[in-house]
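Written below as structure tokens is the structure these notes are about.
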Amino acid sequence: MRPQWVTATFPTVVFPTVVDKVVSLDEAVSHVRRGDAVHVVTNHSRWTAAARHLARVWWEKDPEFTLVMLSLSSLGTLFFRGRLVRKVITGYSGDVFPNFTPNPWFGDAYLAGSVEVEHWSFLTFLQRLEAAARGLPAIVTGSLVGSSMAGNEGFAMVGSPFAPGGPPVGLLAPYAPDVALLHAPIADRDGNVALNPPLLEGVWGAMAARRGAIVTVERVVDDIRPWSHLVRIPGHRVLAVAEAPMGAHPGGLFARDTPVDAYGEDLAFWSEVRDASRSAAFDEWIHHWVLAPADQAAYLDRLGPARIAALRARADPSSWRADEEAHPPDLDAPVGAWELAAVFGARHLAGRIASRGADAVLAGAGVANLAAWLAVRIARAEGLDVVLTAELGLWGYEPTPADPFVFNHRSFPTATMLADSDVVLGALVGGPGTTLLACLGAAQIDQRGNINSTVIPGQSFLVGSGGGNDVASTADEVVVMATLTNRRTVAAVPYVTSPGSRVQAFVTDLGLFLKGDAGTLVLTAVAPVAPVAPGGSGAPGGSGAGAPGGSGGLTIAERVEAIRALCGWDLVTAPTVTELAPPDPADIEALRRWDPEGRFLRPSG
């Protein structure tokens, strides 16, 4: 049922619409021209019906687009398979659901050079758009210094005239796309667009676009003034508005305080497109969902009323209860490697929260996210006042059971502030008035704490920076959390996505590394379990648990040597290597209640 709204009374004099910008989806997309730089705005919705329709209209016509998209996710593969792009400007190229993983469509094209790519961090991506929108010749950033992205055209280091002899300042060149595509809850016929935070990259791309924005909305309203506090794009910056109910699908729409019905993300659909993109059935999937439906109505017919109803029900903040009932956690399963890493990481991070009097913890993606959640839970139980924040624009939010994703829409109503990345990554992280710690993951990490999540040159493409570089560049302290493998640990990463200068700890399932006086990671403690194969599991207290003196147990010295064999650099140990305390069963239970299906805790493949 649509919510009832109390509408304010306004003067009866209404200025007539000069140009009615409401058109069909086909007419809206016709504003895109061959060779355009097309910015697909991500925000919390992730997708837009106009982007899907653009793929349909230009399929295999080689329009030579430059795709400007903060996070490509699995549906970004459409632009590659349909031969729509020659260049990509992005901060993340990979799958998101059911896990954060590389996608071969992106990696193959980038490594082969068939699609040119510019890698940026999330904050610098939006800052370049902001500079263009503001008409500035450059904008200052605290990101990228010390990373491989510092070599990008469009980034420079200069001395500050206000601090002679001080450290150089990072500058970003402005970037203006030709058109921007985005989805919003409502707009009026003049093109004024209202958006709900959290907004991730915000609206800088729409404001910067040379010709303007193409906007799909749930509903066109005659008078947008009752929602003027949510209007973020004025009508003169909009080329066209097309009404497209559920136009963010398979993304969701947080629509609080607007006259439309919200809906949750279709996680199953995201998983379906991810799987399809890796199979011989991808073309069949594309035909069914992209090429065959002529308009949004036909697309919704294919979704069907039952699926749509389920997605609308998912927008209820308490809908996690149904998910928890459908997927109860297995509390008797052996403790896995990722669970050990998460518990050890959370305990270490909770200690650092106490030592530094941290105001907030920023949760990275995947298991690092769960570790941050657990760390804040532990710290609060000890009486510490600390909150969670996320790069999407969440501050002071609470995780919900049965959904381990950091961008879970059901956590939005729990936040004390909803903003965007500009506020979180550009002000609260690194801001002088905030003490902020971060827990990040790493595809590769070296002995100085440098992280590579972008590319192993000549071998494989990973995913990109996301907000990792921004956080690692400016957070007060960074804890990296992952399982220990010889593929993950290298003497020197071949591509520095995030500099290791602020990384003070690397916490793994097998042991704890702390940054030493030489600026390199030193093994200081080992886990109270026998080392396990990557992706394997160990059961604290069970057979082979390795407690000193126990039957079949390994001594601390033997565990150190096992870690040495898995470590990709010359292992340095503390004078005395201690033993970490076993995981608390309550902490394992908390992790499993957040991730009962093991999307992150027990990843497959």
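The values are calculated or read from the model by the stated rules, or taken from the named source; none is laboratory data. As the structure is a prediction and not an experimental result, all values here were calculated from the model. Cβ coordinates were reconstructed from backbone atoms using ideal geometry, including for glycine residues, and neighbour counts include every protein chain displayed. Protein only, heavy atoms only, side chains kept; ligands, DNA and RNA dropped before computing areas. Shrake-Rupley method; radii C 1.70, N 1.55, O 1.52, S 1.80 Å.
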*Does a label point 7 Å from the Cα of residue 330, set along Cα-to-beta-carbon, have any residues of the range 79-120 with amide nitrogen under 20 Å, and which are they?*
98-99
*Can you run phi through the Karplus equation (6.51, -1.76, 1.60; θ = phi - 60°) for the range 434-443 and list ³J(HN,Hα) in whole Hz, with x for Gly and Pro?*
10, 9, 10, 9, 10, 10, 10, x, 7, 6
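Mind checking the dipole of the chain: about its Cα centre, +1 per Lys or Arg Cβ, -1 per Asp or Glu Cβ, Debye to the nearest 20?
Value, rounded to 20: 760 debye.
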*So, in nm, how far is label residue 257 from label residue 584 when the simple model puts each one 7 Å beyond its Cα toward the Cβ?*
3.7
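Out of every Cα pair in the chain, what percent are spaced more than 37 Å from each other?
Summing the P(r) of the chain above 37 Å gives 33 percent of all pairs.
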*If one computes the Cα centroid of the range 367-389 and of the range 422-457, what distance in Å separates the two points?*
18
*Taking Cα pairs under 8 Å and at least six residues apart, what relative contact order does the chain come out at, in percent?*
14
_Within the chain, helix-based [θ] at 222 nm, where runs of 4 or more DSSP H residues each add -39,500 (n - 2.57), nearest 500_ = -7000 deg cm²/dmol
*asked:* Just to be sure I understand: if I project the alpha-carbon convex hull of the range 8-167 onto a plane and average over all orientations, what area do I get in nm²?
replied: 15.2
_Local electrostatic count at residue 589 - Lys and Arg +1, Asp and Glu -1, tallied over other residues with Cβ under 12 Å_ = -3
*Under a 5 Å amide H to amide H cut-off, with H placed in plane at 1.01 Å, what residues pair with residue 37 once short-range neighbours are removed?*
66, 178, 179
*Could you work out the local net charge near residue 25, counting Lys and Arg as +1, Asp and Glu as -1, over the other residues with Cβ closer than 9 Å to its Cβ?*
-4
_Tell me the net charge near residue 53. Cut-off is 9 Å between Cβ atoms, residue 53 excluded, with +1 for each Lys or Arg and -1 for each Asp or Glu._
0
*Output the peptides 581-590, 392-401 sorted from most to least packed, where packing is the average of other Cβ atoms within 10 Å over each peptide's residues.*
392-401, 581-590
*asked:* In whole percent, and with a 1.4 Å probe on the protein chains, what portion of the accessible area of the chain is carbon and sulfur?
replied: 54
*Once label points are set 7 Å from the Cα along Cα→Cβ at both residue 153 and residue 486, what is their separation, rounded to one decimal in nm?*
4.1
*Cα-Cα P(r), the range 83-122, percent of pairs per 10 Å interval*: 29, 55, 16
*asked:* Please give the Cα centre distance for the range 50-70 versus the range 140-168, rounded to the nearest Å.
replied: 34
_Vicinal HN-Hα couplings computed from phi for the range 410-421 (Karplus, 6.51 cos²θ - 1.76 cosθ + 1.60; Hz; Gly/Pro x)_ = 6, 8, 4, x, 7, 6, 7, 8, 10, 9, 8, 5
_Solvent-accessible area per residue for the chain (1.4 angstrom probe, square angstrom)_ = 38
*Can you list the residues of the range 377-402 with backbone N under 16 Å from a point 7 Å past the Cα of residue 417, pointing along Cα to Cβ?*
386-398
*asked:* Show me, for the range 466-480, the HN-Hα J-couplings you get by feeding each phi into the Karplus relation (A = 6.51, B = -1.76, C = 1.60, θ = phi - 60°), rounded to Hz, glycine and proline as x.
replied: x, x, x, 4, 4, 5, 5, 6, 10, 4, 5, 7, 10, 10, 9
_Based on the alpha carbons, how large is the Rg to Rh ratio for the range 376-487 when Rh follows Kirkwood?_
0.99
_23 Å tail of the calculated P(r), the range 92-242, as % of Cα pairs_ = 52
*Cut-off under 5 Å, modelled amide H: who pairs with residue 363 long-range*: 389
_Cβ-derived FRET efficiency at R0 60 Å, residue 173 paired with residue 313, nearest 0.05_ = 0.85
